[in-house]
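Peer 1: To start, I am sharing the structure in question, which I have written as structure tokens.
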Amino acid sequence: MTSPASPRFDGPRPRLLLSAFVMNTTSHIMGGQWRRPEAQQHRFNELQLWTDLARQLEEAKFDTIFFADVVGLYGDYDGGWASHLRKGLQVPSNDPLILLSALAAATREIGLAATSSVIQSHPFQFARQMSTLDHISNGRVGWNIVTSVLENSHRNFNSTELTKHDERYDWADEYVEAAYKLWEGSWADDALVRDKEGGVHADPEKVSKIYHSGPRYSIDGPHLVAPSPQRTPVLFQAGSSGRGQQFCAANAEATFTLAPSTAIAAAYTAAVREQAVAAGRRAEDVKFLQGMHFVVGGTEAEAARKAAELEDSLDIEALLAHVGGGFGVDLGGLPLDTPLGDIQTEGSQGHLEAIRASTRGGNPTLRDIALYRSRANRVVGTPEQIADRLEEWQDAGIDGINIINQTIPGSYTDFITGVLPELRDRGLAQTDYAPGTLREKLFGDGPRLNGRHPAAAFRGAFTAFSAAAENTPAAVGV
Ligand SMILES: Cc1cc2nc3c(=O)[nH]c(=O)nc-3n(C[C@H](O)[C@H](O)[C@H](O)COP(=O)(O)O)c2cc1C
């Protein structure tokens, strides 16, 4: 069956981008599902779990495998953090960047994306790690820029409290600026000459210090890594508050959304695209990847039965601990019909808004919150029904999906064997990879950030500080 036309596009619908949403831990989002007999996510310490999954996704031509990450515990549940350990709520968890390095060697085409928070690593160190990963993966790296909503994360990195919401985004503004300078402005493309006969390895005129100086960071440079295929990794982002949207519109090439409905997705994608255009970019410069999960059946009845069975094995307390912990509110020990009330959060504001918006009266109970976690963004049905729903999401402004799992690898196997053939029949999923880097595969353009992105302004901006020129900012009056 071919898809009906979409009001969004003049010609046929473009394909949907496909991302797998995982974390190097046992219990990422769907609390309790790790206990299911077929679930393998409890083997998260084994490299083979991830190399097998990455290869399976690559075989199915997924665009990216995306590893979420946190650098601290969720806020307390039931007065402490014992429950997080008992239920494996994102603890223990391993560093995804190290894992990506192994996956780069085990795969050839799939994009390798991971979260790294601005609070966890100095931008000089982080820029060097990402450039190295981009080299060894032949340009397949993506970075999900986050600012960390968990107080414990901030307390793990020198702070005595959770840095305030908007201040975190100011921090991120400086962080990305410093990284852009290193990635885009420090080395000319032809600086690394490796001329054995002439005895010149790199041209001193073409490598520059960057002399970044800001409220949080002071970095002389130069970048220690020569230009990698993409230079700047593909830039992802996920915050959806007002300040988050502003950051996204200015910086992100793709954003992970968890919109509770197509109507909200339509308003949200339009608002962010408008802000991107106001920032000098194009509407299509930002791709929207909606977090979703699927329960597939040969018939509607079979799908409904499977959905009920999956819901039965969820752990409501783990779901509540996850959501409340992200808001910094202890939702433990309360009856499930307790209303959330008028809480404010310095944590995940976009998420709180989404839960309120999806509840009649805007005042969800704890049961609503748990159900929201398990039911929002879930599509239950036959492959045809799921494909129909995905077309509706595409009409609402979504460019692709970020597939949440109940079980690894089962949720991906079900999608690949159940839904993917139908999407391919409709021209909604690719059957092979486009050549080139992750950025080329996603945008069909060059390997580097386009000239409309703010990072492009740093190209060639520091030649006064090249090794040949030997200037300092003071000497050239900046
Ligand atoms: C799909 C999705 C994935 C996310 N992944 C991470 C992550 O890996 N690590 C993290 O600390 N925060 C993650 N977040 C949280 C966001 O980065 C952001 O902090 C949060 O949405 C609150 O931002 P806001 O107040 O601007 O909405 C994710 C959010 C979404 C919607």
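Every read-out reported here was derived from the displayed coordinates using simple, explicitly stated rules and does not represent laboratory data. Just so it is clear, the model here is predicted, and its values are computed rather than measured. Reconstructed Cβ throughout: ideal geometry from the backbone, glycine too, with neighbour counts over all protein chains shown.
Peer 1: Filter the GluC sites (Glu not before Pro) in the range 110-198 to those in DSSP coil with at most 11 other Cβ atoms within 10 Å of their Cβ, and list the result.
Peer 2: Values: sites: 151, 161, 167, 174, 177, 184, 197; in loops: 161, 197.
Listed in order of number, the matching sites are 161, 197.
Peer 1: Right, here's the next one. Provide the packing ranking of 359-372, 391-404, i.e. peptides ordered by the mean count of other C-beta atoms within 10 Å per residue, highest first.
Peer 2: On the way: 359-372: 16.8, 391-404: 22.1.
Listed from highest to lowest mean packing, they are 391-404, 359-372.
Peer 1: How far apart, in nm, are two points set 7 Å out from the Cα along the Cα-to-Cβ line at residue 170 and at residue 472?
Peer 2: With each label placed 7 Å out from Cα toward Cβ, I get 2.9 nm.
Peer 1: Report the charge-dipole magnitude of the chain in Debye, nearest 20, computed about the Cα centre from +1 at each Lys and Arg Cβ and -1 at each Asp and Glu Cβ.
Peer 2: Dipole size: approximately 260 debye.
Peer 1: For the pair residue 308 and residue 283, how long in nm is the line joining their label points, each one 7 Å along Cα→Cβ?
Peer 2: Reported label-point gap for residue 308 and residue 283 is 4.4 nm.
Peer 1: Let me know the charge dipole size of the range 1-104 about its Cα centre in debye, to the nearest 20, where only the beta-carbon of Lys, Arg (+1) and Asp, Glu (-1) is charged.
Peer 2: Approximately 300 debye in magnitude.
Peer 1: Another question about this same structure. Only loop residues by DSSP count here, and only those with at most 14 other Cβ atoms within 10 Å; note down the trypsin sites (Lys or Arg not before Pro) in the range 179-230 that meet that.
Peer 2: On the way: sites: 181, 194, 196, 206, 209, 216; in loops: 196, 209, 216.
Sparse-neighbourhood loop trypsin sites (Lys or Arg not before Pro): 196, 216.
Peer 1: Ok, one more. Classify the range 36-180 as rounded, prolate or oblate from the Cα gyration tensor: take a ≥ b ≥ c as the square roots of its eigenvalues, call it rounded if a/c is under 1.5, otherwise prolate when a/b beats b/c and oblate if not.
Peer 2: It is oblate, given that a/c is not under 1.5 and a/b is not larger than b/c.
Peer 1: What full-extension length gain, to one decimal in nm, is calculated for residue 431 and residue 160 as 0.36 nm per residue of separation minus the Cα-Cα distance?
Peer 2: Full extension of this stretch gives 92.5 nm more.
Peer 1: Across the chain, how many lysine pairs, 8 or more positions apart or on different chains, have C-alpha atoms separated by under 23 Å? Please give the number.
Peer 2: Going through the chain pair by pair, I get 6.
Peer 1: Further, regarding this structure: Roughly what % antiparallel, to the nearest 5, for the DSSP beta bridges in the chain?
Peer 2: Of the beta bridges lying entirely in the chain, close to 20 percent run antiparallel.
Peer 1: Each residue of the range 423-438 in order: what ³J(HN,Hα) in whole Hz does its phi give by Karplus 6.51 cos²θ - 1.76 cosθ + 1.60, θ = phi - 60°, with x for Gly and Pro?
Peer 2: Running phi through 6.51 cos²θ - 1.76 cosθ + 1.60 with θ = phi - 60° gives 5, 5, 4, 8, x, 9, 9, 6, 9, 8, 7, 6, x, x, 6, 4 Hz.
Peer 1: Calculate the FRET efficiency for residue 267 and residue 9 from the Cβ-Cβ distance with a Förster distance of 22 Å, rounded to the nearest 0.05.
Peer 2: For R0 = 22 Å, the calculated efficiency reads 0.70.
Peer 1: Taking only the alpha-carbon atoms of the chain, what semi-axes of the equivalent ellipsoid follow from 5 times the gyration tensor eigenvalues under a square root, in whole Å, largest first? Working shown, then result.
Peer 2: Numbers: eigenvalues 283, 140, 91 Å².
Each semi-axis is √(5λ); the values are 38, 26, 21 Å.
Peer 1: What is the Cα coordinate range of the range 237-366 on the first, second and third principal axes, sorted by size from largest, in whole angstrom?
Peer 2: 48, 42, 24
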